[in-house]
Amino acid sequence: MVRFRKGGRLDPGQVTDVRGRGGGGMGIPLPGVAAGGGGVGLLVLLAIVAINVLSGGGSGLGALEPLDDRTTGGGQAAECTRSEQANEREDCLIVGFVNSIQDYWSRAMRGYEPAKTTFFTSSVNTGCGYATSEVGPFYCPNDKRVYIDLDFFDELTSRFGAEGGPFAEAYVLAHEYGHHVQDLAGALKQSETGKQGAGSAAVRTELQADCYAGVWAKHATDSGLIVDVTPQDIDAALDAASAVGDDRIQARTQGQVNPETWTHGSSEQRKRWFRAGFQSGDPNACDTFRGEL
């Protein structure tokens, strides 16, 4: 299992922790969020992130003011300053992954601009609108932040059927930071059409983020924070990618698979593109916008 080395330093400044403070807002769910969860609610991670949140303003709620770190403070995550804490606490583990992911992209991408991750509980106001935990982890291009309720990792196993584990969590974070890379490169705009389907721009955008996650996984130890990445870690990431494939979720929640409504790609596609990124270690190998998927 992935381990963080002793004696290293974590940068909790890359995370804003507002857990337990409540998100405020009017309590209006983003489009597509089913009240009370249920079968459709399980699809929110796929439908909302690609079409509404990631499109930067498709929610219809208007942009809100970005979070102000001067008023939100660091929260409990501010205590995560030593790398060995990432082996002991989940919030510190996520801080460590965020640090490693951004260390890689700051070296791999010219002009990379760091993006903070916000930990929240239940709901949060974002630059893309008011969001609840049912949305799942997401990236908002309006304020250039990744948002996550850490309870999602429990749902990844209990509701989506993934095996879970630290590197499954790393995959989720690396995928969202893949969207940040796309945003900086201008590629994220290609998903703004709102069209769905197996070959849609939304699916191609998500699969590229999976590929970027694989690229980071190849270089995860480069920062010196992470000691090693084992084959079991990569299997856990692939399992998580498969668990949130459109076909697998549709089969579980609807009893049938409809490729015309896909927004993220099939389980096999998600695994294939993560593997492509990991095997190549090269972001240039992640051009999902050309040819077959």
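Test Ala276 against the stated conditions and say whether it is within 23 Å of Asp154 (Cα to Cα) and part of a helix (DSSP H, G or I).
It is false that Ala276 is within 23 Å of Asp154 (Cα to Cα) and part of a helix (DSSP H, G or I).
Return only the number of the condition from (1) part of a helix (DSSP H, G or I); (2) under 24 Å from Leu10 (Cα atoms) that Ser223 does not satisfy.
(1)
If Val124 satisfies every condition in (1) buried (at least 19 other Cβ atoms within 10 Å of the Cβ); (2) touching a helix residue (DSSP H, G or I) at 6+ places or on another chain (Cβ under 8 Å); (3) among the hydrophobic types (A, V, I, L, M, F, W, C) but one, which is the exception?
Here Val124 clears every test but (2).
Mind checking which residues of the range 230-272 are over 15 Å from the mean Cα position of the chain (by Cα), of a type in the set (A, V, I, L, M, F, W, C) and part of a helix (DSSP H, G or I)?
Ile234, Ala236, Ile249, Ala251
Within the range 187-219, which residues are at pLDDT 95 or above and assigned to a loop (DSSP other than H, G, I, E, B)?
Matches in the range 187-219: His219 only.
Tell me the residue from Gly75, Gly23, Gly37 that is more than 30 Å from Ile234 (Cβ to Cβ), surrounded by fewer than 24 Cβ atoms within 10 Å (Cβ to Cβ) and at pLDDT below 50, please.
Result of the check over Gly75, Gly23, Gly37: Gly37.
Of all the residues that make up the range 199-214, how many are among the hydroxyl-bearing types (Ser, Thr, Tyr) and under 15 Å from Ala108 (Cα atoms)?
The number of residues fulfilling the criteria is 1.
Can you tell me which residue among Tyr177, Tyr130, Tyr104 is aromatic (Phe, Trp, Tyr) and either touching a Pro at 6+ places or on another chain (Cβ under 9 Å) or outside any helix (DSSP H, G or I) (or both)?
Result: Tyr130 is the single residue among Tyr177, Tyr130, Tyr104 that is aromatic (Phe, Trp, Tyr) and either touching a Pro at 6+ places or on another chain (Cβ under 9 Å) or outside any helix (DSSP H, G or I) (or both).
Checking the condition of a type outside the set (Lys, Arg), free of Cβ contacts under 8 Å to residues at least 60 places away in the same chain and buried (at least 22 other Cβ atoms within 10 Å of the Cβ), which residue from Gln269, Gln208, Gln182, Gln256 passes?
So the residue among Gln269, Gln208, Gln182, Gln256 that is of a type outside the set (Lys, Arg), free of Cβ contacts under 8 Å to residues at least 60 places away in the same chain and buried (at least 22 other Cβ atoms within 10 Å of the Cβ) is Gln182.
Take the conditions within 14 Å of the chain's Cα centre (by Cα), in a strand (DSSP E or B) and at pLDDT 95 or above and apply them to Val146. Does it pass?
yes
Being at positive phi, buried (at least 19 other Cβ atoms within 10 Å of the Cβ) and touching a residue at least 40 places away in the same chain (Cβ under 8 Å) narrows it down to one residue among Gly197, Gly165, Gly161; which is it?
Gly165
Does Val172 fit the bill of being aliphatic (A, V, I, L, M), buried (at least 22 other Cβ atoms within 10 Å of the Cβ) and part of a helix (DSSP H, G or I)?
In short, yes.
Going by what's in this entry, would Pro31 be described as modelled with pLDDT under 50 and in a loop (DSSP other than H, G, I, E, B)?
yes
Every residue, every condition in (1) surrounded by 21 or more Cβ atoms within 10 Å (Cβ to Cβ); (2) basic (Lys, Arg); (3) closer than 18 Å to His179 by Cα, yes or no:
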position: Val227; (1), (2), (3): no, no, no
position: Ala237; (1), (2), (3): yes, no, yes
position: Arg252; (1), (2), (3): no, yes, no
position: Phe278; (1), (2), (3): yes, no, yes
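At pLDDT below 50 and of a type outside the set (Val, Ile, Thr): is that true of Leu67 in this structure?
no
The values are calculated or read from the model by the stated rules, or taken from the named source; none is laboratory data. This is a predicted model, so every value here is computed, not measured. Using ideal geometry, Cβ is built from the backbone for each residue, glycine included, and neighbour counts are taken over all protein chains shown.
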